[in-house]
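All remarks here apply to the structure that follows.
The values are calculated or read from the model by the stated rules, or taken from the named source; none is laboratory data. Just so we're clear, the structure is a prediction, and the values are computed from it rather than from any experiment. Backbone-built Cβ (ideal geometry, glycine too); neighbour counts: all protein chains shown. Areas reflect the complete protein model, heavy atoms only, side chains present, ligands, DNA and RNA absent. Shrake-Rupley method; radii C 1.70, N 1.55, O 1.52, S 1.80 Å.
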2 protein chains.
Amino acid sequence: MSDQTLMNAFAALAQPTRLAVFRLLIREGPQGLPAGEIARRLKVPQNTLSAHLAVLARGELVRSRREGRHVIYAADLEGVRRLILFLTRDCCHGKPERCEALVNALLPSCGGMSAER
Amino acid sequence: MSDQTLMNAFAALAQPTRLAVFRLLIREGPQGLPAGEIARRLKVPQNTLSAHLAVLARGELVRSRREGRHVIYAADLEGVRRLILFLTRDCCHGKPERCEALVNALLPSCGGMSAER
DNA sequence: TTATTGTTTCAATATTTCCAGAAACAACGA
DNA sequence: TCGTTGTTTCTGGAAATATTGAAACAATAA
């Protein structure tokens, strides 16, 4: 991922409406939601939301697909993963012990998966 | 962490100079670097850098302490952790299997710690 | 005290982002 | 074809951010 995409992603999440959209889409999962439905739920004008969705897409945090008249937006988990990876990789760069606290704090939040590995 | 702090953190990382400062400080570890030294290394005027450091501090990504004439800046790993936690928690909210790919991708980057847990 | 070094704050300009009305575009049904 | 619904693009003005010279502030030494 280029630094530009990385910064686009961070910039995308630095705005209340877009943060709300991101949270919503993460919760909706891979099937996503039509642009209009997102606008309705968040009570944002459709053209304003469209601009915000474009910003999120530039940061590779959401993807869109057309289904008939609808344009469906869904979170791009690959993009999220790269963001987390960036934060984590730089964090324990060369010093795993510095990362330990991070990982320990991270795993329990993932539905008890820590017990399995 | 408030949404405002969260957005401040994302906004802080959405600018090339600040991204560079963040990377530098993460690598320098807890002892950190004086503001002037950061400015010298990144070839940024000191007053410009000072403004950027203030933005990073507002996002709780760096902390400062005074040592004599120097003001030392160091990465705030707690802040980074909260960022990662936000991204991860929202991501696997209620559906751990959705998170699995994330965590698997995450652990190997941390110096082989995955083998130990 | 004065001088020196390190850093931040102030002030002003340039650039970017945010927002929403209006218009255009896209897909479908009648 | 035309009309309707869903979405994006265009446009312009308001608000926020970036940058840096100059001034102020802080700590120390002479």
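Summary table
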read-out: B:Arg27 being over 29 Å from A:Arg23 (Cβ atoms), assigned to a helix (DSSP H, G or I), open to solvent by 60 Å² or more (accessible area, probe 1.4 Å) and within 14 Å of another protein chain (Cβ to nearest Cβ); value: yes
read-out: Qualifying residue in segment B:7-23 (condition: under 12 Å from the mean Cα position of the chain (by Cα), buried (at least 17 other Cβ atoms within 10 Å of the Cβ) and more than 10 Å from chain A (Cβ to nearest Cβ)); value: yes
read-out: Residues that are closer than 17 Å to A:Met7 by Cα, among the hydrophobic types (A, V, I, L, M, F, W, C) and open to solvent by less than 30 Å² (accessible area, probe 1.4 Å), drawn from segment A:43-54; value: A:Leu53
read-out: First in segment A:29-51 and assigned by TED's automatic domain parsing to the domain that holds A:Arg18 and without any contact (Cβ under 8 Å) to a residue 12 or more places away in the chain, second anywhere and aliphatic (A, V, I, L, M) and within 6 Å of DNA strand D (Cβ to nearest atom), Cβ under 7 Å, 6 or more apart; value: A:Gln46/A:Ala35
read-out: Residue ID - farthest from B:Gly68 (Cα to Cα), chosen from residues in segment B:3-24 that are of a type in the set (A, V, I, L, M) and away from DNA strand C (no atom under 13 Å from the Cβ); value: B:Leu6
read-out: Matching residues in segment A:33-64 - criterion: being assigned to a loop (DSSP other than H, G, I, E, B) and either at pLDDT below 95 or over 18 Å from A:Ala9 (Cβ atoms) (or both); value: A:Lys43, A:Val44, A:Pro45
